[in-house]
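Accompanying notes for the structure given below.
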Amino acid sequence: MEKTEEIYEFDFSEKVLSEEEAKDVFKIQRQFLESYAASKDKMPVEEWLPQELQKQLPEKTSEEIEKMSTEIINSLKVTEDMKVSQQKAIAAGRSKNSWFASTILQSTSQMSAQESARYLQSLDDAVKNANVAMHETITTKGSGYIIPSMNPNLDGFIAEQHHVNSFNMNAAAKGSGLRAEVQPLKPGETYTKNGFDVIIKDASGKRIHQYQMKYGATAEDTIRMINSGNYNNQTLVVPEEQVAAVQEAFPNKTVTSTIGDGDVSSKPLTKEQAKELQEKSQTGNFIDADWNDYVAKDIAIGIGKQTGYACLQGAAVGGGMAIATKVWNGEPIDGEEVIETAIVSGADFGVKTATAGALKAASEKGVLKVIPKGTKGSTFANIAFVAIENVKVLGKVATGELTAKEGLDAMEQTTVSCVAGITASTKGAAIGATIGSVLGPVGTAVGGFIGGTLGYIAGSKVAQTIVKGTQKVRDKAVEVVKSVGSAIASGAKSIVRGFASLFGF
């Protein structure tokens, strides 16, 4: 990957929203907000929203309008509930990713193992694809990502995860505190020639065994692979049928077909079995009898981390703020104090609803061209939710209530709770489309824009505060994204491992 010093030094939102288009969207946003401010003490938002949508979209039937309104309000309610649940968990000492994992797994509790695997795969793919799209948008060249499922050596990574998973299940069944794990890259690291593939830790977390996996097509191939490195401090794990030949070639090394300690061990795996699993995984037909909650939780935590990274990328470019500045003409709006109160106090459900409604109307009118007509109201609800939550955080960073690091963490929490809300209220293939729209370049740019305009609408003082907070958070995010992005771009092996882990092999 190229040097990234200048990669995040621009706002890409004008690639998504032209200035003219942004002005038209802002006009509709303003109409919705003024209407909401005027009616908020007269009727509940559930009654107001369909009326305003019908006024903006007179060609739509009452049934169509009701559906749009219900999608927006129901989605916001679910995501708001997720945010409350998350904050309670964090206050009790849990991490946002642990909370996310347990919440996601609740969605799979009534599924079969195969359905659960596919569900988590679709969710994992959706978040990763959004990250890739964002990364490629804000970098000068392609990110260098590979398509993991087409990697011809995937069976080697399958073998690693197979041994880890089968060992951990054996350990759990026997009440052992031992745990095996595939070695991941840390931010800023790249793979070394002789790094460990798999380790076993005792109950205290101390590493007690380290392994190198070599799965050549034949014993001769495996021997040649071993000769290319120096693995004196590692146990060699090879296909079950190759152990004797490889041990004969390396009499001074420990060669085995399993990982283990005492009476806890993994299941052996032949090269043919590994290849069969690879072929099944690449055609989407794989399901391992060993699929279990232990694996699923690890995957769900990983998805939570990927979701947080999506937030970091968006914060690093400050998407939408520059174009919001260009669009704002300085004219006050009726109900300005309502917007300011919502941003400062947090009593913002109505403002989020109005903003989501405005985006939906703009899309249906063909004004917001980047999001096609017919897109579910829930997508706009989630964009509005993230945008307004982030604006509140940026204000707190600017005033010193939160540090830039704390602000980033709060924004990550918002994104994670949003994705949890999407998974709880969206079904099937729509999950991927919704996550891609919200976390990807389009959602980031549109969300940043509407968040920025809200700041200006709330008054010059609020706007100045938000701009100040944006720069502080952006500087911190750039620092983090450069580190993590470099590791991701150079860590093709870890991406393949993540794909393999998804299926529990």
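Here is how the numbers come out for the structure above:
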quantity: Linear extension gain, GLN471 paired with ASN227, 0.36 nm per residue minus alpha-carbon span; calculated: 82.7 nm
quantity: Stretchable slack from GLU59 to SER102, in nm (0.36 nm times residue separation minus alpha-carbon distance); calculated: 11.1 nm
quantity: Added length on full extension, which subtracts the Cα-Cα distance from 0.36 nm per residue, SER95 to LYS253; calculated: 52.7 nm
quantity: In sequence order, calculated HN-Hα J values of segment 227-239 (Karplus, 6.51, -1.76, 1.60; Hz; x Gly/Pro); calculated: 5, 7, x, 10, 10, 4, 9, 10, 7, 8, 10, 10, x
quantity: Segments 356-367, 64-75, 212-223, 241-252 sorted - mean Cβ within 10 Å per residue, highest first; calculated: 356-367, 64-75, 212-223, 241-252
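Coordinate-derived values only; no laboratory data. Model, not experiment: these values are computed from the prediction. Note that each Cβ is placed from the backbone with ideal geometry, even for glycine, and that neighbours are counted across all protein chains shown.
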